[in-house]
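Step one of this worksheet: look at the structure below.
The values are calculated or read from the model by the stated rules, or taken from the named source; none is laboratory data. Values in this document were obtained by computation on a predicted structure and should not be read as measured data. Cβ atoms come from the backbone with ideal geometry, glycine included; neighbour counts cover every protein chain shown. When the accessible area is computed, the model is the full protein with side chains, heavy atoms only, and any ligands, DNA or RNA have been set aside. Shrake-Rupley method; radii C 1.70, N 1.55, O 1.52, S 1.80 Å.
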Amino acid sequence: MRIVTSAAAMQRLAQSWQRRGTRIGFVPTMGFLHEGHLSLVRIARKRVGVSGKVVVSIYVNPTQFGPREDLSRYPRDFKRDCRLCRAADVDVIFAPSDAEMYPRWGEATNEPAREDARPTFSTYIVEEKISRAMEGASRPTHFRGVTTVVAKLFNLVLPDVAVFGAKDWQQAAIVKRMVADLNFPLRIIVAPTVRERDGLALSSRNKYLDAAQREQATILHRSIQRARVIVKRKSVSAAKLKADMKRFIATAPLGRLDYVEVFEPTTLAPAAQVSRGTHMALAVFFGKTRLIDNARL
Ligand code: AMP
């Protein structure tokens, strides 16, 4: 397994594979890997075969964090991530620095470039339809950061397939839309959410929870199960279901509901009426930690 930290080196390597007709599978992550990430790696390997290459990127992307979010304390353990990737038969870890990904980021101005000016970073990709609701409403600049970094990573890793988790359903939908709208020549695969035994979706952020919060964090998954039971026999209005969910989530006193939404799974259009097959997503704060989950009902 190779560890590549330079963007140019990653791109040259990917180009050399491409010239030889080697298939490239890609799993973008922010590191602090868990079984959810590793399930994506296994899917990528299956897609490209033993002769293909699997690349995992480990990069805590600053542009997708808001000013009051957890960028500086986001959990990191690069050594452990490397061990897990090696054991999972990953070919390359791409772990660039901020300077590699965003040259002189933050220094971009509208002043005319001086002769001696080194390049600054000032180009972003913005999806304009499905990024506004849910995560986008709570984290206004988040998806701009995600689409921008994912596009950059696609240009550096040149994947034939990239695997994303259903855990971040809106993110996966936006990435798919970007790939279609901007004609990226690759296929996006969305992999099922891996959970703890008690239903909590695996997340690097679960590490922030104390014991009492951890116990109550199952409220997200239990809400989904409850909603499934409610809509199993007959459809209900979105307003009624959401009101029920709010009351139910309040039974976990350490949790504070950020949003619960029901929507059509591809377009993310809000549903007025909820029945089997409608998608539900929710975000709940436990202290400063914000947990998300979603599922088809
Ligand atoms: P992150 O490191 O949190 O940015 O996640 C990297 C990728 O792993 C994203 O595509 C996530 O959707 C995916 N992922 C995160 N948690 C899980 C999980 N519990 N099950 C499956 N995929 C996941």
### Task
Test S72 against the criterion of being open to solvent by 20 Å² or more (accessible area, probe 1.4 Å), assigned by TED's automatic domain parsing to the domain that holds A7, under 27 Å from K288 (Cβ atoms) and not acidic (D, E), and give yes or no.
yes
### Task
Go through segment 201-226 and count every residue that is open to solvent by less than 10 Å² (accessible area, probe 1.4 Å) and either closer than 17 Å to W169 by Cβ or among the aromatic types (F, W, Y) (or both).
4
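Looking at segment 240-270, which of its residues are surrounded by 12 or more Cβ atoms within 10 Å (Cβ to Cβ) and part of a helix (DSSP H, G or I)? Give the steps one after another, and end with the answer.
First, pick out the residues of segment 240-270 that are surrounded by 12 or more Cβ atoms within 10 Å (Cβ to Cβ): 240-246, 248-250, 252, 254-265, 268-270.
Result: K240, L241, K242, A243, D244, M245, K246, F248, I249.
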### Message
Considering only residues that are in contact with a strand residue (DSSP E or B) (Cβ under 7 Å, 6 or more places away or on another chain), basic (K, R) and more than 9 Å from the ligand (Cβ to nearest atom), which ones fall in segment 157-193?
### Response
K176, R187
### Task
With the checklist (1) free of Cβ contacts under 8 Å to residues at least 40 places away in the same chain; (2) surrounded by 14 or more Cβ atoms within 10 Å (Cβ to Cβ); (3) in contact with a Gly (Cβ under 9 Å, 6 or more places away or on another chain) in hand, flag the one item L297 doesn't pass.
(1)
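Determine whether K79 is without any contact (Cβ under 8 Å) to a residue 12 or more places away in the chain and charged (D, E, K, R).
On the way: without any contact (Cβ under 8 Å) to a residue 12 or more places away in the chain: yes; charged (D, E, K, R): yes.
Yes; evaluated as a whole, the condition is true for this residue.
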### Query
If you check V90 against the conditions, is it within 16 Å of the ligand (Cβ to nearest atom), open to solvent by less than 20 Å² (accessible area, probe 1.4 Å), aliphatic (A, V, I, L, M) and part of a loop (DSSP other than H, G, I, E, B)?
yes
### Task
Scan (1) open to solvent by 20 Å² or more (accessible area, probe 1.4 Å); (2) within 16 Å of the ligand (Cβ to nearest atom); (3) over 21 Å from D98 (Cβ atoms) for the single condition P28 breaks and write down its number.
(3)
### Task
Scan segment 200-218 and give yes if some residue there is part of a strand (DSSP E or B) and more than 10 Å from the ligand (Cβ to nearest atom), otherwise no.
no
